[in-house]
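Peer 1: Sending over a structure as structure tokens; questions will come in a sec.
The values are calculated or read from the model by the stated rules, or taken from the named source; none is laboratory data. Quantities reported herein were computed from a predicted structural model and do not represent experimental measurements. Glycine gets a Cβ as well: all are built from the backbone with ideal geometry, and neighbour counts include every protein chain shown. When the accessible area is computed, the model is the full protein with side chains, heavy atoms only, and any ligands, DNA or RNA have been set aside. Shrake-Rupley method; radii C 1.70, N 1.55, O 1.52, S 1.80 Å.
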Amino acid sequence: HTGCSGPLGPPGANKRMATDLGELLVPYMPTIRVPRRGDRVFKSECAFSYDSPESEGGLYVCMNSFLGFGREHVERHYHKTGQSVYMHLKRHVKEVRRVTKLFSNLELNRDFNGVDYEYEDEAKLVIFPDHFEIPLPNIEELPALVTIACDAVLNASSPYKKQEADSWEEEIQVSRHARSLRQQDNRVRIPPSGWKCAKCEMRENLWLNLTDGSVLCGKWFFDGSGGNGHALEHYKETNFPLAVKLDTINPDGADIYSFDEEEAVLDPHISEHLLHFGIDMLQMQRTENGHHTDNHVQPRVSDWEVIQESSLKLKPVYGSGYTGIKNLGNSCYLSTTMQVLFSIPEFQRAYVGNLQRIFDYSPLDPTQDFSTQMAKLGHGLLSGQYSKPPMKSDLIEQVMKEEYKQQQRGISPKMFKALVSKGHPEFSSNRQQDAHEFFLHLINLVERNSSGSETPSDVFRFLVEERVQCCQTQKVRYTQRVDYLMQLPVPLEAASNREELIAYESKRKEAEENMRPPPEPVRARIPFTACLQDFTEPENVPDFWSSALQAKSAGVKTSRFASFPDYMIVQIKKFTFGVDWVPKKLDVSVDVPDFLDLNRLRATGLQAGEAELPDITPPIVIPEDTRAPEIDESSVMQLAEMGFPLEACRKAVYYTGNMGAEMAFNWIIAHMEEPDFAEPLAIPTYMEPDLPGPSFPTSSALDNQPPEESISILTSMGFPRHHTIQALKATNNNLERALDWIFTHPDCEDESEAMSDTADTEPNSNSDVFFYFPRWLIYNDHKICLSERPPKDLGYMYFYRRLSSC
């Protein structure tokens, strides 16, 4: 018969009759549960470590909570909860040279090297604290409840699969309008950004009507969010039934609402319906960094080989800090972010340094505790426990016995990913994501879950000073905001191999027209100094409301550093959108320096001679109907009686939000010299598309220079050529406005000349100098090697350490 073993000897030493097994489990029967619908069974990963059934000590699954624990952590759970019965799972791995037969209790797998393995699973019930073991299966000798519970645990699906919808939830149905929807041939094209409700100023919660292409806001919610309900009003006026939420469109679908059916619906033809308005959702596939890319632009094999250093024989490294992370399926963004974070001492101290305290005070379900899972991940990466080199003696012994013991292949952070992505529509999917977006998401979680005074994410935190200037009054406003990384634009027009790129584009077009194979792609080489220069350029402020004029006006914004972090993250903005809604990745090489001096970008605050904008909050202007805006006619008549043109009075009242005749009078005084002062009020009824520039180098993009005659006119006045080009670009080649721009930006010439010295090749004594980590490693999922030729010019995010903090 089947025996049980205890602390006094091996299996069989303390044999009992079969009838005694039931008596042995009687005191623990109230604590043994059968997994119910919705219960998650963790039978492949410890809650506190990356131990699994394949680990030396196996895995213990609690028969009440169904949490898994490695040998080092199961005692902690027993003492904290008093739960005594666990299922011990152990998987034995053997290499198979020739496979001729498969047995029912064996599972056959083949690794990436073509080697076959047999996985033989062993299961026992273990009773704490005496460690009595009952081998499984034991159907005839165990109580029926225990047998059912054990069978349910052994056959439970992965806890990381999405739970099925509860029975009371209604399944979303296909709309009855989807198949018969008639779309108007009005040539409406929806841009990929810059959306605004056609009837008000709302820029969020916008819905695209699938019949006529109208972009309108959704309904208002009790908490103040949402919109003004213009999408619903449009349906009542037109009976156009279906609308799609603009910010939900992705390759897998979108959120669609039927006003007629008054519920969320499915549209099997959504890709065709969106394509009618220029949105090609089928072309929107993710790249490795998370943004979408055009299917027609394939990454070159040579690029991948350069990044992987595949032509070199790299030396693998093992031990503390050199533990790889298995790819969970498009999870590179998570792996790279976490590897870098746990190379920083502050994160190591916060989580791994406090490991025992965090584990001891973890809640009953540690899988849902952020600090516990961060400590677990940090320990897994830094302990070296899951990154051990193969021993020669072990390999010889395995060959002699014709067995194979798998070497540690890194850790698999499924539990961590499930927790940090919970409730997030993108990170909870298996699609590729953006490392920059995930980094900010994780920093938010770190700050929300930090109970102590020290938060490790503070090492990235810095203040940005924003200077906004009203172009008409020249008055300024200084504000500060918190940021965690520096985003650098990529100016394609500054490519050092510009002629080569233009020639390639010409050959590419010729090959396309003649249906010949395309030429070998040419990568744009962008100087890092050009990226910094573009970062410092003033940018236009959309919908700027000048408190000095108390009306909308033109405004420009510049950003500088009010403080510097201990670690500066520099993100190269390699992604942009085309007019066809297909996001693209720029194929560029940036000569990122080893040392970075940012002292010239230090904020200065309000300068002598600058006048501040009044601290007045702009009025809330939400016209109900752009065809007939509501205007306070009594205020209009008061102004008209003063002798001002009627149309000017109407504009003044409208642009000051019906705030009264006094505010409208101030607007008139500020605008009465304008040439269109007395022209009728014109309110735009169509959204102005804020289209980005071309995302791939073309001759038109690279030749996007102001007209030479305009440059000559300004340079003849004594202004430097570089300064005049900047001015013309900033003012859309308007000579008069460019001249004003030059006078209001006298320091731009000095900045552009000094920018070439910003990326230093050697450090100086200034405390605002940052540098790279000197030793380079390549983390390719679970494989880690010493890098010999790091492709520093092809990076997406760069982590610099401040010299003063070393």
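Peer 1: Quick test of your reading of the structure: residue 41 fulfils all but one of (1) at pLDDT 95 or above; (2) under 17 Å from residue 413 (Cβ atoms); (3) touching a Gly at 6+ places or on another chain (Cβ under 9 Å); (4) not aromatic (Phe, Trp, Tyr). Name the failing condition by number.
Peer 2: Failed condition: (2).
Peer 1: Can you go through 588, 582 and tell me which one is open to solvent by less than 40 Å² (accessible area, probe 1.4 Å), at pLDDT below 85 and aliphatic (A, V, I, L, M)?
Peer 2: Selected residue: 582, the only one of 588, 582 that is open to solvent by less than 40 Å² (accessible area, probe 1.4 Å), at pLDDT below 85 and aliphatic (A, V, I, L, M).
Peer 1: Wholly within region 471-534, which strands (runs of 3 or more DSSP E) include no fewer than the required count, namely at least 3 residues that are out of contact with any Phe, Trp or Tyr (no Cβ under 8 Å at 6 or more places or on another chain) and either farther than 20 Å from residue 585 by Cβ or in contact (Cβ under 8 Å) with a residue 60 or more places away in the chain (or both)?
Peer 2: Qualifying strands (runs of 3 or more DSSP E): 476-483, 524-526.
Peer 1: If you take the residues of region 603-617 that are in contact with a strand residue (DSSP E or B) (Cβ under 9 Å, 6 or more places away or on another chain) and open to solvent by 90 Å² or more (accessible area, probe 1.4 Å), which of them is farthest from residue 471 (Cα to Cα)?
Peer 2: Taking the candidates together, the pick is 604.
Peer 1: Every residue in region 432-470 that is over 30 Å from residue 362 (Cα atoms) and either among the acidic types (Asp, Glu) or without any contact (Cβ under 8 Å) to a residue 12 or more places away in the chain (or both), please.
Peer 2: 434, 465, 466
Peer 1: Restricting the first residue to region 127-147 and requiring it to be more than 19 Å from residue 82 (Cα to Cα) and outside any loop (DSSP other than H, G, I, E, B), which pairs with a second residue that is open to solvent by less than 40 Å² (accessible area, probe 1.4 Å) and of a type in the set (Gly, Ala, Ser) meet a Cβ separation below 9 Å and a spacing of at least six or different chains?
Peer 2: Listed pairs, sorted by first residue: 134/3; 134/5; 135/3; 135/5; 135/123; 136/123.
Peer 1: Tell me yes or no: at least one residue of region 186-201 is open to solvent by 50 Å² or more (accessible area, probe 1.4 Å) and more than 26 Å from residue 682 (Cα to Cα).
Peer 2: No: zero hits.
Peer 1: Residues in region 188-207: is at least one under 22 Å from residue 262 (Cα atoms), within 31 Å of the chain's Cα centre (by Cα) and of a type in the set (D, E, K, R)?
Peer 2: Within region 188-207, one or more residues are under 22 Å from residue 262 (Cα atoms), within 31 Å of the chain's Cα centre (by Cα) and of a type in the set (D, E, K, R).
Peer 1: Take residues that are at pLDDT 90 or above and tell me which of the helices (runs of 4 or more DSSP H) falling wholly in region 256-357 contain 3 or more.
Peer 2: Values: elements: 270-275, 301-308, 332-341.
So the answer is 270-275, 332-341.
Peer 1: Scan 378, 321 and give me the residue that is open to solvent by less than 40 Å² (accessible area, probe 1.4 Å) and over 16 Å from residue 455 (Cα atoms).
Peer 2: Going through 378, 321 in turn, the sole match is 321.
Peer 1: Oh, and also: Consider residue 467 carefully, then state whether it is in contact with a Phe, Trp or Tyr (Cβ under 9 Å, 6 or more places away or on another chain) and either surrounded by 13 or more Cβ atoms within 10 Å (Cβ to Cβ) or not hydroxyl-bearing (Ser, Thr, Tyr) (or both).
Peer 2: So residue 467 fits the description; yes.
Peer 1: Separate question: Of all residues in region 205-218, count the ones that are surrounded by fewer than 18 Cβ atoms within 10 Å (Cβ to Cβ) and in contact with a Cys (Cβ under 8 Å, 6 or more places away or on another chain).
Peer 2: Counting residues in region 205-218 that are surrounded by fewer than 18 Cβ atoms within 10 Å (Cβ to Cβ) and in contact with a Cys (Cβ under 8 Å, 6 or more places away or on another chain) gives 0.
Peer 1: Does residue 237 satisfy the condition of being among the acidic types (Asp, Glu), surrounded by fewer than 14 Cβ atoms within 10 Å (Cβ to Cβ), more than 23 Å from residue 172 (Cα to Cα) and modelled with pLDDT of 85 or more?
Peer 2: On the way: among the acidic types (Asp, Glu): yes; surrounded by fewer than 14 Cβ atoms within 10 Å (Cβ to Cβ): yes; more than 23 Å from residue 172 (Cα to Cα): yes; modelled with pLDDT of 85 or more: yes.
Judged against the criteria, residue 237 is a match.
Every residue, every condition in (1) modelled with pLDDT of 80 or more; (2) crowded, with 20+ Cβ neighbours inside 10 Å; (3) under 30 Å from residue 216 (Cα atoms), yes or no:
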position	(1), (2), (3)
643	yes, no, no
647	yes, no, yes
650	yes, yes, yes
654	yes, yes, yes
667	yes, yes, yes
672	no, no, no
676	no, no, yes
679	yes, no, yes
